[in-house]
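Just below is one structure, and these are the notes that go with it.
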Amino acid sequence: MRMRPVAGVMLRQFYLMRGSPARVLPMFAWVAIDIVLWGFITRYLGSVAGTRVNFVASLLGAVLMWDFFTRIMQGVTTAFLEDVWSRNFLNFFATPLAISEYLTGLIATSILASLVGLSVMLVLASTVFGLSFFALGLALVPFLLILFLFGIALGVLATALVLRLGPASEWMVWPLPALISPFVGVFYPLATLPAWMRAVAHALPPSYVFQDMRAIVAGRAFAVGPLIGGIVLALAQIALCTLFFVRVYRYAVRTGLLARYSAESAN
């Protein structure tokens with residue numbers, strides 16, 4: 001894989017953001033709103049329950065992690081949709097750009113944008129609401145790694161769906177994190193779910209993150225084995241989603257769908 005085409009994909013996204021503050025604002029605005037809203041909710045719950053439950057660590061920490069995952073996933077899909085909206089997608093593949101280089105450029109762009117959002121969340125949560133995020137210790141590394149890897153996998157899957165079904169299907173991208181959140185137990189233990197939902201949860205890497213995070217907040221030791229399993233599972237899902245994207249792309253080329261790709265296409 002050549003790094004120069006990857007850098008070109010990233011550079012285009014940089015120019016888009018530099019030339020349009022409206023594209024930069026959501027990187028800060030939505031994460032700030034989430035942290036402020038849930039910060040005051042946890043403060044209120046803390047005043048009602050007293051010191052029996054650490055709502056700041058359990059709820060606000062969960063919101064911060066889930067927002068991090070969402071920004072990773074949407075960072076990949078938004079960079080792809082920018083090319084769709086501007087009818088620039090076909091121009092990329094009129095050049096000797098490989099699929100792996102294009103996907104790597106989208107992922108790298110998502111990483112940089114998500115780091116900005118994560119920094120804003122950490123500053124707000126720690127300075128305004130007193131969340132000691134780094135109190136999670138070394139467990140923070142696998143937590144963020146699993147969420148990052150799964151966000152990449154889901155982002156690649158979403159771009160493949162839009163590529164196959166057309167730009168009109170972009171509405172399917174934005175609700176994906178919300179559809180997954182009940183299964184992974186962002187705010188509650190998996191034991192509260194019915195058996196069929198728990199079965200689905202075991203196939204979703206974020207469920208291992210939030211279970212272990214609650215264990216740490218409660219003063220218990222976190223389980224290393226499930227976290228390793230979550231990392232392996234997320235890596236496998238990235239490989240499967242990438243393979244799916246490649247197959248969809250080849251189908252689009254073979255059937256002529258790629259050549260007809262425009263903002264009005266819904267095929």
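The values are calculated or read from the model by the stated rules, or taken from the named source; none is laboratory data. What you are looking at is a predicted structure, and each value in this text was computed from that prediction instead of being measured. No Cβ is skipped: glycine too gets one built from the backbone with ideal geometry, and neighbour counts run over all protein chains shown.
Of everything in the range 117-132, what is within 19 Å of the chain's Cα centre (by Cα) and surrounded by fewer than 16 Cβ atoms within 10 Å (Cβ to Cβ)? Give them in sequence order. Working first, answer last.
First, the residues of the range 117-132 that are within 19 Å of the chain's Cα centre (by Cα): 117-122.
The answer is 119, and nothing else.
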Report the residue count in the range 106-144 for those that are at pLDDT 80 or above and among the aromatic types (Phe, Trp, Tyr). 1
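State all residues of the range 162-176 that are in contact (Cβ under 8 Å) with a residue 24 or more places away in the chain and in contact with a helix residue (DSSP H, G or I) (Cβ under 8 Å, 6 or more places away or on another chain); if no residue qualifies, say none.
Taking the range 162-176 first, the residues in contact (Cβ under 8 Å) with a residue 24 or more places away in the chain are 162-170, 173-174, 176.
Listed by number, the residues that qualify are 162, 163, 164, 165, 167, 169, 170, 173, 174, 176.
If you check residue 103 against the conditions, is it of a type in the set (A, V, I, L, M, F, W, C), surrounded by fewer than 22 Cβ atoms within 10 Å (Cβ to Cβ), modelled with pLDDT of 80 or more and farther than 20 Å from residue 125 by Cβ?
no
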Take the residues in the range 209-236 that are part of a helix (DSSP H, G or I) and touching an Asp or Glu at 6+ places or on another chain (Cβ under 8 Å); name whichever of them is surrounded by the most Cβ atoms within 10 Å (Cβ to Cβ). 227
Picked from the range 146-173 (must be surrounded by fewer than 17 Cβ atoms within 10 Å (Cβ to Cβ) and of a type in the set (A, V, I, L, M, F, W, C)), the residue nearest to residue 197 (Cα to Cα) is 172
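Please verify whether residue 132 is touching a residue at least 40 places away in the same chain (Cβ under 8 Å) and within 24 Å of residue 236 (Cα to Cα), treating the condition exactly as stated. Reasoning before the result, please.
Values: touching a residue at least 40 places away in the same chain (Cβ under 8 Å): yes; within 24 Å of residue 236 (Cα to Cα): no.
Here the answer is no, as residue 132 does not meet what is asked.
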Step by step: first the residues of the range 183-207, then only those that are part of a helix (DSSP H, G or I) and touching a Phe, Trp or Tyr at 6+ places or on another chain (Cβ under 9 Å), then the one that is surrounded by the most Cβ atoms within 10 Å (Cβ to Cβ). Which residue is that? 206
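Does the range 106-116 hold any residues that are buried (at least 22 other Cβ atoms within 10 Å of the Cβ) and either without any contact (Cβ under 8 Å) to a residue 60 or more places away in the chain or more than 30 Å from residue 202 (Cβ to Cβ) (or both), and which are they? Step through it out loud before you land on a result.
Step one: of the range 106-116, the residues buried (at least 22 other Cβ atoms within 10 Å of the Cβ) are 106-107, 109-110, 113-114.
Result: 107, 109, 110, 113, 114.
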Of (1) in contact with a Leu (Cβ under 7 Å, 6 or more places away or on another chain); (2) surrounded by fewer than 23 Cβ atoms within 10 Å (Cβ to Cβ); (3) at pLDDT below 80; (4) closer than 24 Å to residue 214 by Cβ, residue 176 satisfies every one except (3)
Members of the range 196-224 that are of a type in the set (Gly, Ala, Ser) and at pLDDT 85 or above: 199, 201, 203, 207
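Within the group 40, 93, 55, which residue is over 15 Å from the mean Cα position of the chain (by Cα), of a type in the set (Phe, Trp, Tyr), more than 21 Å from residue 5 (Cβ to Cβ) and at pLDDT below 80?
Working: 40 fails: at pLDDT below 80; 93 fails: more than 21 Å from residue 5 (Cβ to Cβ).
Testing whether each residue is over 15 Å from the mean Cα position of the chain (by Cα), of a type in the set (Phe, Trp, Tyr), more than 21 Å from residue 5 (Cβ to Cβ) and at pLDDT below 80 leaves just 55.
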Hey, residue 200 of a type in the set (Val, Ile, Thr), under 16 Å from residue 237 (Cα atoms) and under 22 Å from the mean Cα position of the chain (by Cα) or not: yes
